[in-house]
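A short reminder: the numbers here are calculations on the coordinates, not readings from a lab. Note that the structure is predicted; figures quoted are calculated from it, not measured. Cβ placement follows ideal geometry from the backbone for every residue including glycine, while neighbour counts extend to all protein chains displayed.
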Amino acid sequence: MTQDAIRIEGLFKTYKGAKGQPEKQALKGIDLSIPRGSVFGLLGPNGAGKSTLINILAGLVLKTSGKVSIWGFDQDTNPRQSRASIGVMPQELNLDPFFSPRGALEVQAGLYGVPKSERRSDEILRMVGLEDKAEAYARTLSGGMQRRLLLGKALVHRPNILVLDEPTAGVDIELRQMLWTNIRKLNEQGMTIILTTHYLEEAEEMCDEIAIINSGEVVVRDSTKNLLGRLDAKTMVVHPDAAVETLPQGDGIESELRSDGAVLLRYRVGATSAEQVLAAVHEAGITIRDVKTEEADLEDVFLSLTSSQ
Ligand code: ADP
Ligand code: MG
């Protein structure tokens, strides 16, 4: 029997409120298994509970109840092995400002009990492109460099599972490409990758499987391919002849004016015909210069699953 990389059963987390604040139920009974070898995406809007889930996996946040096993090790009965199996790149920049990149990697290796002879700080610094900055104080590193160092720190103990919490939020294109390349390479070498993102494009591009989390619950979990095929949603893009004054309206049609002046119309193939959509466009007094349709993308799936709550 092949084991999962991660197995989560009935996971709850309630944060105690700060003084005068109510408590917050951040996770409401998560069941989730993540297969070994995959690139798995955890998607969800801000406040959905993604970081809470990841920080519980990382041992940084205590769960309220439920079972978590990491690489087959129960987190409660085998805390050391389960912790050794996972490396986490956190969402927040939390580096000690007085350590250099090399120093930070060495300290991290020490924390995980990696013997000196097995440390590979130079290799990691090269991989994340920080060999030139090896001896600089962390506080002198740019935000992007700090992110790269956090990735390096997550790798010092050669974990079987690498978890990245919003790795590319707010980073420039170059760093994003670098992270994606590294993630792919590590996955090809056999590492299981779990990443959270609210960039749907990133999940579509990187992940084999996806779970969407909303308000502390998993609302869907499927292969990226199935998820994309799941909705019969279509988008029609109408380029009008003149500036649009009234947006088309109709049952089952959502319309939106794009900044370039085009009108986006979302509808379900099963419920609304293209003709009905076009009729609504005409009724709004819009003359069509050009029109095309697009298949559902992850964004449509995501909106349809998270907007009703
Ligand atoms: P996400 O990473 O998906 O944006 P989080 O896991 O950070 O979501 O947060 C989930 C919910 O828990 C949010 O409502 C957030 O405000 C709350 N929360 C997160 N951390 C704490 C904390 N330390 N104390 C109290 N509430 C928290
Ligand atoms: Mg988060």
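Things worth noting here:
- Estimated [θ] at 222 nm from DSSP helical runs (n ≥ 4, -39500 (n - 2.57)) normalised by residues in the chain, nearest 500: -8500 deg cm²/dmol
- The listed peptides 63-76, 144-157, ordered by packing as a protection proxy, come out as 144-157, 63-76 (highest mean of other Cβ atoms within 10 Å first).
- In a reduced charge model with +1 at each Lys and Arg Cβ and -1 at each Asp and Glu Cβ, the range 4-228 shows a dipole moment near 660 debye about its Cα centre.
- Using alpha carbons only: equivalent-ellipsoid semi-axes of the chain, gyration tensor based, whole Å: 42, 24, 18
- Judged by the mean number of other Cβ atoms found within 10 Å, the most tightly packed of the peptides 32-40, 259-267 leads the ranking 32-40, 259-267.
- Pairs over the 20 Å Cα-Cα cut-off, from the set 133/185; 24/50; 28/225; 13/67; 50/185; 16/153: 133/185; 28/225; 50/185; 16/153.
- Bins of 10 Å, starting at 0 and running to the largest distance - Cα pair percent for the range 232-296: 24, 60, 15, 0
- Whether the range 110-193 is rounded, prolate or oblate, judged on the alpha carbon gyration tensor where a/c under 1.5 counts as rounded: oblate
- Between the alpha-carbon centres of the range 156-174 and the range 1-67 there is a gap of 18 Å.
- The relative contact order of the range 4-228 comes to 28 percent, based on Cα pairs under 8 Å that sit 6 or more residues apart.
- Taking a sphere under 13 Å around the Cβ of residue 184 and counting the other residues whose Cβ falls inside, with K and R at +1 and D and E at -1, yields a net charge of -2.
- Computing Rg and the Kirkwood Rh from the Cα coordinates of the range 7-53 gives a ratio, Rg/Rh, of 1.07.
- The alpha-carbon atoms of the range 186-249, seen along their principal axes, cover 54, 28, 20 angstrom, with the largest extent given first.
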